[in-house]
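All remarks here apply to the structure that follows.
The values are calculated or read from the model by the stated rules, or taken from the named source; none is laboratory data. Since we're looking at a predicted model, the values are computed, not measured. Because the Cβ atoms are built from the backbone with ideal geometry, glycine has one as well, and the counts that use them run over all protein chains shown. Note: accessible area is taken over every heavy atom of the protein model, side chains too, but ligands, DNA and RNA are not part of it. Shrake-Rupley method; radii C 1.70, N 1.55, O 1.52, S 1.80 Å.
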Amino acid sequence: STSDRWRDAARAARELPDPWRNEVQVSTALGVRRRYDAASRTWTADAVLVRLERDPFARGGMRLCHRCKVLQSAQQGWHGAGTNFVAKEYAANEPDSVALLEADCRMQGQAKAFAMAFNAQRVPKPVDFVQCWMLALRPRPLCRRAIPLGRFHKILVQLGLCDG
(Lines give C-alpha, C1' and ligand atoms only; values in the text may rest on other atoms or scores of the structure.)
Protein backbone atom coordinates (compact mmCIF):
# COMPACT_ATOMS: atom_id res chain seq x y z
CA SER A 1 0.00 0.00 0.00
CA THR A 2 1.01 3.63 -0.27
CA SER A 3 1.46 4.01 3.48
CA ASP A 4 3.72 0.93 3.54
CA ARG A 5 5.89 2.40 0.77
CA TRP A 6 6.16 5.74 2.62
CA ARG A 7 7.07 3.90 5.84
CA ASP A 8 9.73 1.88 3.98
CA ALA A 9 11.08 5.04 2.35
CA ALA A 10 11.25 6.81 5.72
CA ARG A 11 13.06 3.85 7.27
CA ALA A 12 15.55 3.77 4.38
CA ALA A 13 16.09 7.55 4.67
CA ARG A 14 16.90 7.27 8.36
CA GLU A 15 19.56 4.68 7.59
CA LEU A 16 21.31 6.67 4.86
CA PRO A 17 24.22 8.97 5.66
CA ASP A 18 23.30 12.65 5.49
CA PRO A 19 24.17 13.89 1.96
CA TRP A 20 24.12 17.51 3.18
CA ARG A 21 26.26 17.00 6.29
CA ASN A 22 28.85 19.49 5.01
CA GLU A 23 26.54 21.67 2.92
CA VAL A 24 24.29 23.49 5.40
CA GLN A 25 26.69 24.98 7.92
CA VAL A 26 24.86 28.11 9.04
CA SER A 27 23.43 29.35 12.29
CA THR A 28 20.20 28.02 13.72
CA ALA A 29 17.06 30.15 13.46
CA LEU A 30 13.63 29.88 15.04
CA GLY A 31 10.82 29.88 12.50
CA VAL A 32 7.09 29.35 12.31
CA ARG A 33 5.96 26.37 10.23
CA ARG A 34 2.47 26.69 8.72
CA ARG A 35 0.71 23.61 7.35
CA TYR A 36 -2.52 23.53 5.36
CA ASP A 37 -5.18 20.89 6.06
CA ALA A 38 -7.26 20.44 2.92
CA ALA A 39 -10.02 18.53 4.75
CA SER A 40 -10.77 21.34 7.21
CA ARG A 41 -9.43 24.15 5.00
CA THR A 42 -7.47 25.51 7.95
CA TRP A 43 -3.86 26.35 8.71
CA THR A 44 -1.94 25.12 11.76
CA ALA A 45 1.29 26.65 13.01
CA ASP A 46 4.13 25.48 15.20
CA ALA A 47 7.66 26.64 16.02
CA VAL A 48 10.64 24.86 14.43
CA LEU A 49 14.41 25.22 14.53
CA VAL A 50 15.99 25.43 11.08
CA ARG A 51 19.30 25.92 9.34
CA LEU A 52 18.92 27.61 5.98
CA GLU A 53 21.62 27.99 3.36
CA ARG A 54 22.11 31.67 2.64
CA ASP A 55 22.83 31.40 -1.08
CA PRO A 56 20.50 29.43 -3.38
CA PHE A 57 21.86 26.25 -4.96
CA ALA A 58 19.43 26.51 -7.89
CA ARG A 59 17.38 29.18 -9.63
CA GLY A 60 14.29 28.72 -11.74
CA GLY A 61 12.24 31.18 -13.73
CA MET A 62 10.20 32.22 -10.67
CA ARG A 63 11.84 30.78 -7.54
CA LEU A 64 15.15 30.28 -5.78
CA CYS A 65 16.02 26.98 -4.04
CA HIS A 66 17.99 26.75 -0.79
CA ARG A 67 19.17 23.74 1.18
CA CYS A 68 17.49 23.61 4.55
CA LYS A 69 17.71 21.41 7.63
CA VAL A 70 14.88 21.13 10.14
CA LEU A 71 15.46 19.84 13.65
CA GLN A 72 12.99 16.94 13.84
CA SER A 73 13.74 16.01 17.43
CA ALA A 74 16.32 16.87 20.04
CA GLN A 75 17.24 13.18 20.32
CA GLN A 76 18.02 12.72 16.63
CA GLY A 77 19.75 16.07 16.21
CA TRP A 78 20.54 17.64 12.86
CA HIS A 79 21.93 14.54 11.19
CA GLY A 80 20.18 12.21 8.79
CA ALA A 81 18.54 12.61 5.41
CA GLY A 82 15.12 12.96 7.08
CA THR A 83 16.01 16.46 8.26
CA ASN A 84 16.79 17.78 4.76
CA PHE A 85 14.39 19.95 2.83
CA VAL A 86 14.43 22.20 -0.20
CA ALA A 87 13.30 25.72 0.63
CA LYS A 88 11.79 27.62 -2.25
CA GLU A 89 11.23 31.34 -2.29
CA TYR A 90 9.85 33.60 -4.97
CA ALA A 91 12.29 36.00 -6.57
CA ALA A 92 12.75 39.34 -4.84
CA ASN A 93 10.84 41.16 -7.57
CA GLU A 94 7.59 39.32 -6.69
CA PRO A 95 5.52 41.73 -4.56
CA ASP A 96 2.91 39.22 -3.34
CA SER A 97 5.12 36.21 -2.58
CA VAL A 98 3.35 35.27 0.69
CA ALA A 99 -0.02 34.96 -1.06
CA LEU A 100 1.61 32.91 -3.84
CA LEU A 101 3.27 30.56 -1.33
CA GLU A 102 -0.04 30.11 0.51
CA ALA A 103 -1.73 29.27 -2.79
CA ASP A 104 1.07 26.77 -3.59
CA CYS A 105 0.62 25.03 -0.22
CA ARG A 106 -3.18 24.96 -0.53
CA MET A 107 -2.92 23.48 -4.02
CA GLN A 108 -0.38 20.84 -2.89
CA GLY A 109 -2.58 19.92 0.10
CA GLN A 110 -5.67 19.64 -2.08
CA ALA A 111 -3.75 17.51 -4.60
CA LYS A 112 -2.67 15.18 -1.77
CA ALA A 113 -6.30 14.89 -0.59
CA PHE A 114 -7.45 14.07 -4.15
CA ALA A 115 -4.66 11.47 -4.45
CA MET A 116 -5.78 9.81 -1.21
CA ALA A 117 -9.39 9.68 -2.45
CA PHE A 118 -8.21 8.30 -5.79
CA ASN A 119 -6.06 5.64 -4.11
CA ALA A 120 -9.01 4.60 -1.91
CA GLN A 121 -10.61 3.23 -5.09
CA ARG A 122 -7.88 0.53 -5.13
CA VAL A 123 -6.34 1.70 -8.36
CA PRO A 124 -3.54 -0.41 -9.88
CA LYS A 125 -0.98 2.42 -9.65
CA PRO A 126 -1.57 4.69 -6.67
CA VAL A 127 -0.34 8.27 -6.72
CA ASP A 128 0.84 10.51 -3.93
CA PHE A 129 1.89 14.11 -3.46
CA VAL A 130 4.63 15.30 -1.13
CA GLN A 131 3.24 17.44 1.67
CA CYS A 132 4.63 20.96 1.64
CA TRP A 133 4.45 23.70 4.24
CA MET A 134 5.39 27.33 4.71
CA LEU A 135 8.14 28.55 6.93
CA ALA A 136 8.20 32.14 8.11
CA LEU A 137 11.69 33.39 8.92
CA ARG A 138 12.32 37.02 9.34
CA PRO A 139 12.41 38.65 6.87
CA ARG A 140 11.28 36.17 4.17
CA PRO A 141 8.61 33.44 3.81
CA LEU A 142 9.54 30.17 2.11
CA CYS A 143 7.85 27.00 0.93
CA ARG A 144 9.33 23.67 2.05
CA ARG A 145 9.12 20.31 0.36
CA ALA A 146 10.59 17.07 1.57
CA ILE A 147 13.16 15.36 -0.61
CA PRO A 148 11.85 11.97 -1.77
CA LEU A 149 14.44 9.20 -1.88
CA GLY A 150 14.58 6.31 -4.32
CA ARG A 151 12.84 5.93 -7.67
CA PHE A 152 9.88 8.18 -8.38
CA HIS A 153 8.18 10.07 -11.18
CA LYS A 154 7.83 13.80 -10.87
CA ILE A 155 5.56 15.67 -13.22
CA LEU A 156 6.26 19.34 -13.68
CA VAL A 157 3.62 21.35 -15.46
CA GLN A 158 6.29 23.41 -17.21
CA LEU A 159 8.51 20.45 -18.18
CA GLY A 160 6.44 17.27 -18.33
CA LEU A 161 7.52 13.92 -16.90
CA CYS A 162 10.92 13.70 -15.17
CA ASP A 163 12.27 10.41 -13.85
CA GLY A 164 13.96 10.73 -10.45
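Figures for the structure shown
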item	result
Looking only at the range 53-91, and only at residues there that are open to solvent by less than 40 Å² (accessible area, probe 1.4 Å) and in a helix (DSSP H, G or I), the one that is modelled with the highest pLDDT	T83
Failed item in (1) at pLDDT 85 or above; (2) in contact with a strand residue (DSSP E or B) (Cβ under 6 Å, 6 or more places away or on another chain), with K154 passing the rest	(1)
Residues that are part of a loop (DSSP other than H, G, I, E, B) and touching a helix residue (DSSP H, G or I) at 6+ places or on another chain (Cβ under 9 Å), drawn from the range 33-49	A38, A39, R41
Subset tally (residues that are within 16 Å of W43 (Cα to Cα) and either touching a Ser or Thr at 6+ places or on another chain (Cβ under 9 Å) or of a type in the set (K, R) (or both)) for the range 90-133	2
Top-ranked residue of the range 117-133 - restricted to ones that are touching a residue at least 40 places away in the same chain (Cβ under 8 Å) and not in a loop (DSSP other than H, G, I, E, B), ranked as surrounded by the fewest Cβ atoms within 10 Å (Cβ to Cβ)	N119
